[in-house]
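The values are calculated or read from the model by the stated rules, or taken from the named source; none is laboratory data. Since the model is a prediction, treat every value here as computed from it, not as a measurement. Keep in mind that these areas ignore ligands, DNA and RNA; they rest on the heavy atoms of the full protein, side chains included. Shrake-Rupley method; radii C 1.70, N 1.55, O 1.52, S 1.80 Å.
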Amino acid sequence: MKRNIYILVLWGLAIFSWTAFEMRETTVSMVYILIGVIALTLPRNASYVTAAVVILTYLIIDLTTEPGSLESILLVASNYIGIFVMMWAFRIKNEATALSKLHYQQLSIVHAELEQAHVELQEAHLKLEEATVDSLRFAVLEERSRIARDIHDSIGHGLTSVIVQLQALPYVIKANSDEADATVRSVLEVARNCLKDVRKVVHEMAEDGTDSGIIALKSLVKQVQEQSGLPIKFTSSSTLTLWEHYLSEALYRILQEALTNVIRHAEASRVLVSIQEVDTDIVMTISDDGKFNAQDIVRPGFGMNGMKTRCERLQGTFEFHPIYPHGMMLTIRLPLRSNVTERENMSG
């Protein structure tokens with residue numbers, strides 16, 4: 001607005017010098033400059049209006065003062081219009097160049113930010129993978145500690161009872177033979193129970209000794225069950241092969257995400273987790289009795305898409321479908337042996 005006023009003031013001074021001192025040639029030359037300034041500096045609509053006012057004012061004054069030179073006056077007016085169009089085109093070109101430079105600078109900044117974000121995501125991914133490995137190791141240690149506690153609490157207590165009763169047996173025999181028979185029967189019963197507990201622990205250790213992955217999955221289920229209060233039943237094949245570490249890690253992460261989704265969204269009262277080896281694949285299913293039914297539309301979120309992507313990286317499959325009358329089942333199928341390239345992608 002201020003520029004518009006300044007230009008009109010200058011034009012008014014030019015008109016005054018023209019009419020007062022008959023400085024037509026100087027005024028004509030000044031109008032060329034004013035038209036250029038108008039085209040280069042004023043906003044679009046304001047430049048149109050101001051240029052039109054200046055040119056029309058020139059035509060009126062010149063026709064009034066020089067009525068015999070119409071062609072000369074129109075020629076000058078057309079020159080003014082030509083100057084305006086030329087300066088306006090020059091202005092548009094400069095603005096387009098400046099805008100392109102600005103866009104390039106903004107794109108460079110965005111590109112740099114994206115590169116930085118990519119680096120940070122890679123670092124976060126590596127930290128997450130390291131945290132998962134630590135979780136697997138912790139789960140194995142926790143399961144071994146549980147077995148040690150079982151041995152100490154059940155078998156240790158039973159053997160202590162056997163020792164105490166055997167130490168007292170000679171005195172009991174001397175005092176009362178009938179009571180000695182009962183003591184012997186009690187010792188035998190305790191010894192049988194201890195043997196049964198030993199076999200149970202050995203059987204569990206034999207199952208879990210094939211792969212730390214199954215231990216980690218069991219520990220994860222127990223941990224989630226204790227923290228959430230949600231009953232979770234875990235079953236697996238009686239015999240399992242030795243899993244590669246990347247498979248154990250993938251199954252652990254998928255099960256962790258699946259149980260988290262059930263707790264957050266399903267409103268389930270129980271969950272069943274099953275691990276089976278079918279031919280050359282590991283098949284893990286997670287089913288719940290939550291609110292989902294066949295009529296519901298599932299829009300996979302970040303967690304479910306992440307599980308699917310993890311399966312596809314290992315050349316596996318990820319499926320989900322409703323359970324009658326309500327609930328959902330996830331089926332994860334991973335090959336026991338995958339390409340080396342896929343393993344490297346998974347670990348990297």
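Things to note:
- Rounded accessible area of Glu123 (nearest 10 Å², 1.4 Å probe): 100 Å²
- Rounded, prolate or oblate (a/c below 1.5 giving rounded, otherwise prolate when a/b exceeds b/c) for the stretch 271-344 by Cα gyration tensor: oblate
- Whole-Hz couplings from phi, Karplus 6.51/-1.76/1.60, listed for the stretch 293-300; x for Gly and Pro: 9, 5, 7, 6, 9, 9, 10, x
- Accessible surface for Thr239 stands near 110 Å², nearest 10, in the context of the full protein assembly shown (1.4 Å probe).
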